[in-house]
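Coordinate-derived values only; no laboratory data. Just so you know, these numbers come straight off a predicted model, no measurement behind them. Glycine also receives a Cβ, built like all others from the backbone with ideal geometry; neighbour counts cover every protein chain displayed.
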Amino acid sequence: MMDEPSVKFTILDHIDGIKVMGDVFSEPANEYWALLCLREGLRFLNSQVAKSEDSVRQRFNSSQIKLLCFGNDPLLADIPQTLLTCAFHWYAISACQYVRTVGMIAYREIGEVNDYIRKVIPDVLSFRDKVAAHFAWTKSDSRDNKAERMR
């Protein structure tokens, strides 16, 4: 009696149990290549933000004080605040692309993908829609309130 070959699959989402047949990341193509690129970019952005956070934590013993700064605080002059702002924008856009791609692989229906992304990262999606992809005040959307459209 011959052993049955084991069926290999790749898990894309452990919580929802989304898996695809095969080892799709061993020789990635198309959407799987995109997922690898997005993952690498998200890790890069996270590492850049973490370096700045570590620098601030070391400068201010954050276990003993709480720090809240507005505007151009001289204590943070060497922290690349403008690049950090962009890093958060890039991260939100890339994270949404990542989750949307996983959703399209799993569901192949736009409505279901939109439900999936709203379920998986609702706060990131909101930030992406109102700030990262475009500022709410630059686009008329009935879902945005007056405060969100203020400049």
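What FRET efficiency comes out for Val131 versus Glu27 if R0 is 35 angstrom and r is the Cβ-Cβ distance? Round to the nearest 0.05.
Details: r = 37 Å, r/R0 = 1.05.
Computed FRET efficiency for Val131 and Glu27 comes out at 0.40.
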Output for the stretch 57-115: trypsin sites (Lys or Arg not before Pro) sitting in coil per DSSP, at most 11 other Cβ within 10 Å, listed by number, reads Lys66, Arg108
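Can you tell me the relative contact order of the stretch 29-149? Whole percent, Cα pairs under 8 Å, sequence separation 6 or more.
Details: 67 pairs, mean separation 29.7, N = 121.
Reported as a whole number, the value is 25 percent.
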Pairwise centroid distance, computed over Cα atoms, of the stretch 66-88 with the stretch 3-42, Å: 37 Å
So for the stretch 1-60, Kirkwood radius off the Cα pairs, Stokes-Einstein at 25 °C and 0.890 mPa s: how many µm² s⁻¹? 167 µm²/s
So if R0 is 25 Å, what FRET efficiency would Leu83 and Arg43 give, r being the distance between their Cβ atoms, rounded to the nearest 0.05? 0.90
Rg/Rh ratio calculated on Cα atoms of the stretch 14-102 (Kirkwood radius): 1.14
Determine, for Arg43, Arg128, the number of other Cβ atoms within 10 Å of each Cβ, and report the residues in order from fewest to most. Arg43, Arg128
